[in-house]
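Worksheet for the structure shown next.
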Amino acid sequence: MPSLAFESLPSYSWPGGSISGTVVLQVDAPTRGRNLWIELSGRELAQVTVSQGKGSNKITEEAVFFQQTWDPGPVLTFADPVHIAPGVYRAPFQFSLPATAQPSIHTTPYVGSGGVFDYRRDGLYVEYALEARLKVPMWPDVVARALIPIFSSRRVLGILPPCASPPDRDHPTLALGTPGTAPLLPGGTLRVPFQIENPGGKRLRSLRLALTRVVQYRARGVPGIARSPTYQVEQPLGGNAPTYAGTLEISVPNTEDATGPGQGRLYVTFWTAKAVLDVELGFNVDLETALFPG
């Protein structure tokens with residue numbers, strides 16, 4: 001059988017950008033074949049496993065939101081009407097992405113060779129797959145596949161709104177943020193001012209802050225949720241002072257999973273900030289709020 005592969009693919013693209021490369025077909029002996037074509041598709045795939053008696057059942061749902069086909073033209077040479085002549089054939093291609101293209105998302109790591117049509121763990125996948133296919137009459141087609149990550153066009157992950165726990169005369173209270181907090185960008189730093197009031201003189205161990213991307217999705221009506229990635233910081237306190245104040249900082253890397261808030265047919269995604277004040281011999285103070293869209 002001939003071999004089919006991609007060359008010179010980009011490591012990523014972005015909404016409004018392009019994806020280009022070359023498909024290479026190597027034929028060592030006259031081979032049955034008809035034509036060569038290339039397709040780029042974008043899709044959402046949600047998977048949830050539910051218990052069913054003594055076993056389980058995987059529930060999946062797929063929504064294709066983008067599809068383009070590239071015709072490389074007459075690049076093949078035929079030894080006869082149904083056989084491709086031996087040789088190495090190269091077909092350059094280029095696809096243009098719409099400015100509204102959704103960013104790539106995968107809530108669990110891919111398994112196998114790139115994750116294209118391989119075994120998947122439960123989660124939500126928004127992905128762009130390249131597929132090159134040589135049509136072979138009366139025989140399985142020769143196929144090459146690759147995934148191209150699409151980075152978010154929404155560079156703002158969100159804005160942290162001020163929030164505070166209810167006032168209490170005997171238990172510590174916590175307030176986060178101030179009005180006018182700067183928008184958070186991938187590659188930037190979330191800076192959160194905090195104020196702690198400790199009227200009862202409780203011993204306070206630490207203050208932890210976690211920034212998490214939340215993805216809520218469904219597969220044929222069955223809900224699922226993923227919380228990843230999470231970035232966090234901890235500020236030791238170790239005392240029983242009546243007040244504490246300062247600023248917590250979390251650096252956010254500029255990576256593929258730093259996607260801004262958005263939604264598709266099968267999912268919605270947003271970021272949350274959760275603070276936990278660790279109180280010795282007492283109830284912890286928890287605050288969690290969603291970041292406003294930027």
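For a quick check of your reading of the filter: which chymotrypsin sites (Phe, Trp or Tyr not before Pro) in the stretch 118-225 sit in a DSSP loop and have no more than 10 other Cβ atoms within 10 Å? Intermediate results must be reported in sequence, preceding the final value.
Values: sites: TYR119, TYR125, TYR128, PHE151, PHE194, TYR217; in loops: TYR119, PHE151.
Of the chymotrypsin sites (Phe, Trp or Tyr not before Pro), the ones in loops of the stretch 118-225 whose Cβ has at most 10 other Cβ atoms within 10 Å are TYR119.
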query = Top mean-square fluctuation among ILE225, ILE19, ILE84, Gaussian network model of the chain, C-alpha springs under 10 Å?
reply = ILE84
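Do me a favour and compute the ellipsoid semi-axes for the stretch 163-290 from its Cα gyration tensor, root of five times each eigenvalue, largest one first, whole Å. Spell out each step's value before the answer.
Working: eigenvalues 194, 57, 29 Å².
Equivalent-ellipsoid dimensions as semi-axes: 31, 17, 12 Å.
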Rough spin-label spacing in nm, given labels placed 7 Å along Cα→Cβ, for THR100 and GLU256 = 2.5 nm
note = Read-out mean projected area of the Cα convex hull in nm², candidates [x] 20.5; [y] 16.2; [z] 17.0; calculated match is [x]
note = Among the stretch 125-143, those whose backbone N falls under 20 Å of a label point 7 Å along Cα→Cβ from SER11 are 128-130
query = Spin-label point model (7 Å from Cα, Cβ direction): what's the ILE225 to GLN26 distance in nm?
reply = 5.0 nm
Alpha-carbon centroid distance for the pair the stretch 126-160 / the stretch 1-71, whole angstrom = 5 Å
query = At VAL268 and PHE283, where each label point lies 7 Å from the Cα along Cα→Cβ, what is the point-to-point distance in nanometres?
reply = 2.8 nm
query = What is the set of long-range amide H partners of VAL214 at a cut-off below 5 Å, with H atoms built 1.01 Å from backbone N?
reply = PHE270, TRP271, THR272
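Rule-based calculations on the coordinates, nothing more; no lab input. What you see is a predicted model; the values in this text were computed from it and never measured. Cβ coordinates were reconstructed from backbone atoms using ideal geometry, including for glycine residues, and neighbour counts include every protein chain displayed.
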